[in-house]
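None of the figures in this text is laboratory data; all of them are computed from the coordinates on show. Just so it is clear, the model here is predicted, and its values are computed rather than measured. Quick reminder, even Gly has a Cβ in these numbers, built from the backbone with ideal geometry, and neighbours come from all protein chains shown.
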Amino acid sequence: MASERSRTITAIYPGSFDPVTNGHLDLIARGAKIFDKLIVAITRNLEKDPLFEIQERVEMLETVTFDWKNVEVDVFDGLLMDYARARNASVVLRGIRAVSDYEYELQMAMMNRKIEPHIETVFMLPGEAYSYLSSRLVKELARLNGLPKGLVPAAVEQRLRLKFG
Ligand code: ADP
């Protein structure tokens with residue numbers, strides 16, 4: 001028992017975060033509550049044409065997660081399971097918004113389990129208010145100057161305004 005209590009559980013929350021939304025933050029808040037350490041890891045190699053450079057995404061995430069002392073922001077290349085092993089993580093955290101997310105997430109989780117059976121994928125549901133929110137929609141709406149209030153942190157709203165005027 002004592003040895004179990006002293007074990008630190010590190011979880012990785014991987015994604016593009018282009019940009020971070022209040023839905024991501026909702027998941028980070030939930031994850032930070034149950035894991036000892038949560039690493040929000042920006043994938044470098046996924047998106048071909050991102051709106052925000054990696055450094056900008058790091059800065060926004062660092063700003064909005066500043067208050068959580070057990071949350072770290074990082075960037076990774078290559079295979080998620082290699083990165084998780086390197087960081088001694090035993091959990092990958094992912095969000096499921098709707099049934100539409102499920103199929104892709106299931107495929108990824110099962111493939112990751114095949115690559116590394118010792119790492120578990122844990123799914124969490126955001127608050128209902130964020131169940132329809134995606135970075136892609138945020139970018140589309142900001143581009144058209146029609147992004148409703150309350151969907152992204154103020155620091156992100158400011159950067160979007162700088163991008164789209
Ligand atoms: P990816 O390109 O890996 O999907 P995203 O930044 O879009 O990167 O999402 C990262 C993770 O956060 C994914 O698990 C996604 O399902 C989850 N996610 C994205 N938006 C939300 C949201 N509004 N509520 C909960 N989870 C979300």
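Could you work out the relative contact order of the chain? I mean the mean sequence separation of Cα pairs under 8 Å and 6+ apart, divided by the number of residues, in percent. Mind showing how you got there, number by number?
On the way: 223 pairs, mean separation 47.5, N = 165.
Answer for the chain is 29 percent.
Give the cross-link partners of K114 among the lysines, using a straight C-alpha distance below 27 Å as the criterion and excluding same-chain residues fewer than 8 apart.
K37, K48
Helix-derived [θ] at 222 nm for the chain: sum -39500 (n - 2.57) over DSSP H runs of at least 4, divide by residue count, nearest 500?
Details: 7 runs with 72 residues, N = 165.
Value at 222 nm, helices only: -13000 deg cm²/dmol.
Taking 7 Å along the Cα-to-C-beta vector as the label spot, tell me the T8-I34 distance in nanometres, rounded to one decimal.
2.1
Using a simple spin-label model with points 7 Å from Cα along the Cα→Cβ vector, what separation in nm is obtained for L162 and V75?
Here the answer is 1.6 nm between the modelled labels.
Sorted by packing (mean other beta-carbon atoms within 10 Å per residue), highest first, where do 13-24, 118-129, 73-84 land?
Working: 13-24: 22.7, 118-129: 14.3, 73-84: 16.8.
Most protected by this proxy first, the peptides run 13-24, 73-84, 118-129.
So which aspartates and glutamates can K69 reach, going by Cα to Cα under 12 Å and dropping same-chain residues fewer than 8 places off?
Of all the aspartates and glutamates, those that pass the test against K69 - Cα under 12 Å, at least 8 places apart if same chain - are D36.
So how much slack lies between E59 and E140, counting 0.36 nm per residue of separation and subtracting their Cα-Cα distance, in nm? Intermediate results must be reported in sequence, preceding the final value.
Values: separation 81, 0.36 × 81 = 29.16 nm, distance 2.15 nm.
Extra length from E59 to E140 when fully extended: 27.0 nm.
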